[in-house]
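Here is the structure we will look at, set down as structure tokens.
The values are calculated or read from the model by the stated rules, or taken from the named source; none is laboratory data. Just so you know, these numbers come straight off a predicted model, no measurement behind them. Neighbour counts are summed over all protein chains in view; Cβ atoms, including those assigned to glycine, are modelled from backbone coordinates with ideal geometry.
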Amino acid sequence: MLDKRYKTFMVLNETGSFTQTAQMLFITQPAVSQQISSLEAELELQLVIRDHGKISLTKEGIKLAVFAKQIDLESHKIVESLKNGIEHLKMGCTLSLSSTILPKFIQKLSSKANIITTKINNTQHILQNIRDGKVDFGLVEGNFDKEEFDSFFVQRENFICIASNNITGSTIEDLFSQTLLLRENGSGSRAIFENWLATQNYRVTDFKESMEIASPSAIIEFLKQNQGISFMYESLVTDELRSNQLKKLDLQGFHVEHPISLVFLKNSYFKDTYRKISESI
């Protein structure tokens, strides 16, 4: 468990103020300053830059704050698992995977661990929830910083162009006159599509019109009403393709697969637990 100096330092990192840190911890401002100075002396590192009443963390300080936060979060989880004899897992999942992989995942996992929370949001929100300790791990399809997060591969998903039945086209250029339905910024699906567009030297703004819609299911309903094109995982529209309510457009040069990953904080004590979970899917 971390001593009080590290906890004070974590709060200081969040507030950026000795005064606010003291108020949050119900101690005096000199006590905060003394604890930080003691920590710096023990580690023989400068953690905080003091400049005319303003403070900022050194690069070493930033790294220590991130590490201390992870240790604090995981130490409480370790004690909880030792007391209860079972690991209670808080899980995140992106919207695109919530209706396809998530139900199967929870069903297989139910006999191995206790899922007490499942948060569903876009990739960037899930990653932030992992940082903040709101979830222990997440199922994501978007990109993530491999210096900050570790992961286990779960499976690959086909990423396709899907369209209303009245739309035709064999190249991305053929579709620029259509309305593009796409997810919001922060969505893994949007990032995958925008990254591919960039490799072709195009942008979303090359489409005549685009609409941001946060829900994959809502995008599918718009498409069924003959309102545009979109790019998403094939597993999301399996039934619609089979029943000919929508169609897949095979575009020249567009062949995209993307890995689904189980993502968690780097150097996590529970890495082996997450490995076993990923292997169970």
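Could you check residue 155 against (1) surrounded by 14 or more Cβ atoms within 10 Å (Cβ to Cβ); (2) not in a helix (DSSP H, G or I) and say which number it fails?
Among (1) surrounded by 14 or more Cβ atoms within 10 Å (Cβ to Cβ); (2) not in a helix (DSSP H, G or I), residue 155 violates only (1).
Which residues, counting only those in region 131-152, are in a loop (DSSP other than H, G, I, E, B) and either of a type in the set (Asp, Glu) or touching a Ser or Thr at 6+ places or on another chain (Cβ under 6 Å) (or both)?
Start the filter on region 131-152 by keeping residues that are in a loop (DSSP other than H, G, I, E, B), which leaves 132-136, 141-148.
Listed by number, the residues that qualify are 132, 136, 141, 142, 145, 147, 148.
Tell me, which residue of region 1-36 that is of a type in the set (A, V, I, L, M, F, W, C), in contact with a strand residue (DSSP E or B) (Cβ under 9 Å, 6 or more places away or on another chain) and within 19 Å of residue 66 (Cβ to Cβ) is surrounded by the most Cβ atoms within 10 Å (Cβ to Cβ)?
Taking region 1-36 first, the residues of a type in the set (A, V, I, L, M, F, W, C) are 1-2, 9-12, 18, 22, 24-27, 31-32, 36.
Now restrict to residues that are in contact with a strand residue (DSSP E or B) (Cβ under 9 Å, 6 or more places away or on another chain): 9, 12, 18, 36.
Still in the list and also within 19 Å of residue 66 (Cβ to Cβ): 9, 12, 36.
Details: 9: 24, 12: 26, 36: 21.
Filtering region 1-36 for residues that are of a type in the set (A, V, I, L, M, F, W, C), in contact with a strand residue (DSSP E or B) (Cβ under 9 Å, 6 or more places away or on another chain) and within 19 Å of residue 66 (Cβ to Cβ), the one surrounded by the most Cβ atoms within 10 Å (Cβ to Cβ) comes out as 12.
Of (1) touching a strand residue (DSSP E or B) at 6+ places or on another chain (Cβ under 8 Å); (2) touching a residue at least 40 places away in the same chain (Cβ under 8 Å), residue 244 satisfies all except one. Which?
The number of the failed condition is (1).
Among the residues that make up region 226-233, is at least one of them in contact with a strand residue (DSSP E or B) (Cβ under 7 Å, 6 or more places away or on another chain), closer than 21 Å to residue 145 by Cα and touching a residue at least 60 places away in the same chain (Cβ under 8 Å)?
The first filter runs over region 226-233 and keeps only residues in contact with a strand residue (DSSP E or B) (Cβ under 7 Å, 6 or more places away or on another chain), leaving 227-233.
Keeping just the survivors that are closer than 21 Å to residue 145 by Cα gives none.
No: zero hits.
With respect to residue 128, determine if the residue is polar (S, T, N, Q) and either in a strand (DSSP E or B) or modelled with pLDDT under 75 (or both).
Values: polar (S, T, N, Q): yes; either in a strand (DSSP E or B) or modelled with pLDDT under 75 (or both): no.
Considered against the rule, which asks whether it is polar (S, T, N, Q) and either in a strand (DSSP E or B) or modelled with pLDDT under 75 (or both), residue 128 comes out as no.
Tell me which of these residue 99 doesn't satisfy, since it passes every other one: (1) under 30 Å from residue 214 (Cα atoms); (2) modelled with pLDDT of 90 or more.
In the conditions (1) under 30 Å from residue 214 (Cα atoms); (2) modelled with pLDDT of 90 or more, residue 99 misses (2) alone.
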